[in-house]
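For reference, the structure discussed in these notes is given below.
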Amino acid sequence: MASLSTPPAQPDDAPEPYVGLAADTAEQLARSRGWDTVRAVPPGTFLTMEFRSGRINFQVEDATVTRCWVG
C-alpha cells in the first residue's frame, strides 16, 4: 500500500489583516508570506468545501478584499 503524501506546511499567517486591502496587493502579500495557492472570488461564488492546506481565499468586491479565509 502506498503511503500518503504529507501536505505542505501552511504559513503561520492570520487571514483578518487582508480584509480591506486591494486585491492585487493582498495576493502579492500572501504569496510573499508563503501561500502556495491564492484564490480570489466574487461574492456569491459557489465553491467546494474541501480543505486544502496552503491555500488562502479572498472574496473580492470592487477590487478590494471583503472576506478572507484559509483552506
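Tabulated data for the structure shown
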{"read-out": "Long-range amide H partners of V19 with built H, under 5 Å", "value": "none"}
{"read-out": "Calculated from backbone phi, Karplus (6.51, -1.76, 1.60) coupling profile of region 62-70 in Hz, x at Gly/Pro", "value": "6, 6, 10, 6, 10, 7, 8, 8, 10"}
{"read-out": "DSSP-assigned coil residues among GluC sites (Glu not before Pro) in the chain, each with at most 16 further Cβ atoms within 10 Å", "value": "E50"}
{"read-out": "Residue-averaged [θ]222 nm for the chain, counting only DSSP H segments that reach four residues, each worth -39500 (n - 2.57)", "value": "-4000 deg cm²/dmol"}
{"read-out": "Vicinal HN-Hα couplings computed from phi for region 27-35 (Karplus, 6.51 cos²θ - 1.76 cosθ + 1.60; Hz; Gly/Pro x)", "value": "5, 4, 5, 4, 5, 5, 8, x, 6"}
{"read-out": "Mean shadow area of the chain, taken as a quarter of the surface of its Cα convex hull (nm²)", "value": "5.4"}
{"read-out": "Cut-off of 10 Å, at most 10 other beta carbons, DSSP loop: longest stretch of the chain lacking such chymotrypsin sites (Phe, Trp or Tyr not before Pro)", "value": "1-45"}
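Any read-out appearing in this document is the output of simple, stated calculations on the displayed coordinates, not a laboratory observation. Since the structure is predicted, the reported quantities are computational estimates derived from the model, not experimental observations. Cβ coordinates were reconstructed from backbone atoms using ideal geometry, including for glycine residues, and neighbour counts include every protein chain displayed.
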